[in-house]
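*Asks:* Sending over a structure as structure tokens; questions will come in a sec.
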Amino acid sequence: MTTHQAVENDVPARYRTAVVPHIMVADAAAAIDFYVRAFGAVEEFRLDRPEGGVLHAEIRIGGAVMMLGDTSEGPFSPPAALGGTSVALHVFVPDVDALARTAVAAGAELVQEPADQFHGDRTAHLRDPSGHLWVFLTHLEDVPEEELARRLGEAG
């Protein structure tokens, strides 16, 4: 398997400022520990509930920030309670192959092996123990719109 590695700040400009995801999990402390081990996350902030659990935390994976907390009464539910998820969390990383190996060793489910894609990124799909779907990408090349359409036609 070939490992592709991008320059650290090689994220397409349109993705450098994005919506910040806020996910809910059944055990946020355990999820944070998993994200540190599996994805190299850095915990930047945590506000624990007085009665126990995590009210709000923020982690960083590469240049991407994500918020998370324990589920509670209200509109937020973890993927397991919904029977799946309608959201995938995309994060650009310098080496998707290395991240996928580390994540699987830490307990992530590999949904799609790392592979070069027609859109110019090498991607891997992983499911974390809480049921969230992650798409990790290493940017390989900028693909002009016309070439993207051509490649999509060939891939389909």
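The values are calculated or read from the model by the stated rules, or taken from the named source; none is laboratory data. Not measured: the values here are computed from a predicted model. Reconstructed Cβ throughout: ideal geometry from the backbone, glycine too, with neighbour counts over all protein chains shown. SASA here: full protein model, heavy atoms, side chains in, ligands and nucleic acids out. Shrake-Rupley method; radii C 1.70, N 1.55, O 1.52, S 1.80 Å.
*Asks:* Return yes when Asp95 is out of contact with any Pro (no Cβ under 8 Å at 6 or more places or on another chain) and in contact (Cβ under 8 Å) with a residue 60 or more places away in the chain and no when it is not.
*Replies:* On the way: out of contact with any Pro (no Cβ under 8 Å at 6 or more places or on another chain): yes; in contact (Cβ under 8 Å) with a residue 60 or more places away in the chain: yes.
The answer is yes for Asp95.
*Asks:* May I ask you to say which residue of Gly69, Gly52 is part of a loop (DSSP other than H, G, I, E, B) and open to solvent by less than 80 Å² (accessible area, probe 1.4 Å)?
*Replies:* On inspection, the qualifying residue turns out to be Gly52.
*Asks:* Checking Arg16 against (1) open to solvent by 80 Å² or more (accessible area, probe 1.4 Å); (2) farther than 16 Å from Phe136 by Cα; (3) at pLDDT below 90, only one condition comes out false. Which one?
*Replies:* With respect to (1) open to solvent by 80 Å² or more (accessible area, probe 1.4 Å); (2) farther than 16 Å from Phe136 by Cα; (3) at pLDDT below 90, Arg16 is out only on (2).
*Asks:* Give the residues of segment 109-137 that are in contact (Cβ under 8 Å) with a residue 60 or more places away in the chain and over 25 Å from Pro79 (Cβ atoms), sorted by residue number.
*Replies:* Asp116, Arg122
*Asks:* Hey, could you check segment 1-13 for residues that are open to solvent by 60 Å² or more (accessible area, probe 1.4 Å) and within 29 Å of His56 (Cα to Cα) and say which is modelled with the lowest pLDDT?
*Replies:* Taking the candidates together, the pick is Glu8.
*Asks:* Taking into account only those residues within segment 78-117 that are surrounded by 14 or more Cβ atoms within 10 Å (Cβ to Cβ) and of a type in the set (Val, Ile, Thr), which is modelled with the lowest pLDDT?
*Replies:* Here the residue is Thr85.
*Asks:* Please verify whether Leu148 is open to solvent by 20 Å² or more (accessible area, probe 1.4 Å) and under 21 Å from Ile61 (Cα atoms), treating the condition exactly as stated. Working first, answer last.
*Replies:* Working: open to solvent by 20 Å² or more (accessible area, probe 1.4 Å): yes; under 21 Å from Ile61 (Cα atoms): no.
When the stated conditions are applied, Leu148 does not pass them.
*Asks:* I need the full set of residues from segment 24-40 which are part of a loop (DSSP other than H, G, I, E, B) and more than 17 Å from Gly131 (Cβ to Cβ), in order please. Please lay out each step first, then the result.
*Replies:* So the first thing to find is which residues in segment 24-40 are part of a loop (DSSP other than H, G, I, E, B), and the list is 26-27, 40.
Listed by number, the list holds a single entry, Gly40.
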